[in-house]
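This report concerns only the one structure given below.
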Amino acid sequence: MLEIADLTHTYGTGPTAHRAIDGLDLKVAEGDLLSIVGPSGCGKSTLLRSIAGLIKPTGGTIRIGGVPVTRTPDNLAVVFQDYSRSLFPWMSVADNVALPLRRRGMNAKQRRQAAAEALEQVGLAGAEGKYPWELSGGMQQRASIARALAYRPSLMLMDEPFGSVDAQTREDLEDLVLRVRGTHNMTILLITHDIDESVYVGDRVVVLSKAPATVVKELRVDLPAPRSRSPPASTRRSCTCAPRSAAWCAAG
Ligand code: ADP
């Protein structure tokens, strides 16, 4: 589905040039939910923006479905961390969700219906007519996720999507991603700096080095579905982790 080979990106030139990614290789199979974890500033967003065709990497190749990425691919949706800047404040929540569907060639009625369904799926039924600034941060991020879902992308990129919400909302949204993943047939890349989140949500975790980013480790997460935030009984007695670390502990 996604194949990245020898990806390199350097910002700027000359003595102030900054290499953000250095010879990164990655393969993602169709239907995978891949978490990408790495320290702040290591190049995670640069990687995601390169996959989304929002920046042109200085070296290497990115292919989605065998096709090289030269601009933003049609079957792709991105959920950014900063929900307050990703929804248009002058549009209702339903209009925000329906906006990208124009690219799908849907008529107004179909767009309205798809938006209503996606909003219901993320627990925002009834909020269609509200404006983004009338919603809490967590609700705005749900609306951003609804916009991505309504579009029915084959690849959804999430760039630290829960980094700006409170801990309880974060857990709800992590569960939401796992739920929608079960009902939509799509590949998801979740970028996070939270190790517990990467394990709780992902089938596979790719660990990036500090800048410039390269892949230092890939781990498969064999935790059963549906996932639990508590470690299995077999490990519980010896587990001294804090509750949010339980998933990581259970994964060994
Ligand atoms: P992460 O998402 O892992 O926090 P980023 O990909 O945002 O990291 O950034 C990686 C490095 O590249 C950082 O040192 C950052 O300062 C630098 N960087 C990011 N965007 C730009 C830019 N537009 N111009 C110059 N440097 C940038």
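In the structure displayed, which of LYS44/LYS130; LYS27/LYS56; LYS56/LYS210; LYS27/LYS210 lie more than 26 Å apart, Cα to Cα?
LYS44/LYS130
Output the relative contact order of the chain, whole-number percent, from Cα pairs under 8 angstrom with separation of 6+ residues.
Relative contact order for the chain comes out at 25 percent.
Treat every Asp and Glu Cβ in the chain as -1 and every Lys and Arg Cβ as +1, leave all other atoms uncharged, and give the resulting dipole magnitude about the Cα centre to the nearest 20 debye.
Result for the chain is approximately 360 debye, rounded to the nearest 20.
May I ask you to evaluate 6.51 cos²θ - 1.76 cosθ + 1.60, the Karplus curve with θ = phi - 60°, for each residue of the range 90-100 and list the ³J(HN,Hα) values in order in whole Hz, giving x for glycine and proline?
Working through the residues one at a time gives 8, 10, 5, 4, 4, 5, 4, 5, 7, 3, x Hz.
Report the accessible area of THR16, computed with a 1.4 Å probe over the heavy atoms of all protein chains in place, in Å² rounded to the nearest 10.
Taking all protein chains as shown, THR16 has close to 120 Å².
Based on DSSP, what percent of beta bridges with both residues in the chain are antiparallel, to the nearest 5?
Close to 50 percent.
Could you tell me what fraction of 2.2 N^0.38 Å the Cα radius of gyration of the range 2-250 comes to, as a two-decimal ratio?
Rounded to two decimals, the normalised Rg is 1.04.
Within 10 Å, Cβ to Cβ, of GLY65, how many net charges do the neighbouring residues add up to if Lys/Arg are +1 and Asp/Glu are -1?
Result for the local shell: -1.
Using the charge dipole of the chain (Lys, Arg: +1 at Cβ; Asp, Glu: -1 at Cβ; taken about the Cα centre), state which of SER209, PRO73, VAL165 has its Cα farthest towards the positive end.
PRO73
Name the residue, out of GLN81, GLN121, GLN110, whose mean-square fluctuation peaks in a Gaussian network model built on the chain with Cα pairs under 10 Å.
Ranking GLN81, GLN121, GLN110 by mean-square fluctuation puts GLN110 first.
Can you tell me which of PHE80, PHE162, PHE88 moves the most in a GNM of the chain? Springs connect C-alpha atoms under 10 Å apart.
PHE88
Rounded to the nearest 0.05, what FRET efficiency do ASP74 and MET1 give with R0 = 22 Å and r taken as the Cβ-Cβ distance? Could you check?
Calculated value: 0.90.
Can you pull out the trypsin sites (Lys or Arg not before Pro) in the range 9-116 whose DSSP state is coil and whose Cβ has at most 10 other Cβ atoms within 10 Å?
Filter output for the range 9-116: ARG71.
The values are calculated or read from the model by the stated rules, or taken from the named source; none is laboratory data. This one's a predicted model, so the numbers in the text were calculated from it and none came from an experiment. Please note: Cβ atoms are built from the backbone with ideal geometry, for glycine as well, and neighbour counts cover all protein chains shown. These accessible areas exclude ligands, DNA and RNA; they are computed on the full protein's heavy atoms, side chains included. Shrake-Rupley method; radii C 1.70, N 1.55, O 1.52, S 1.80 Å.
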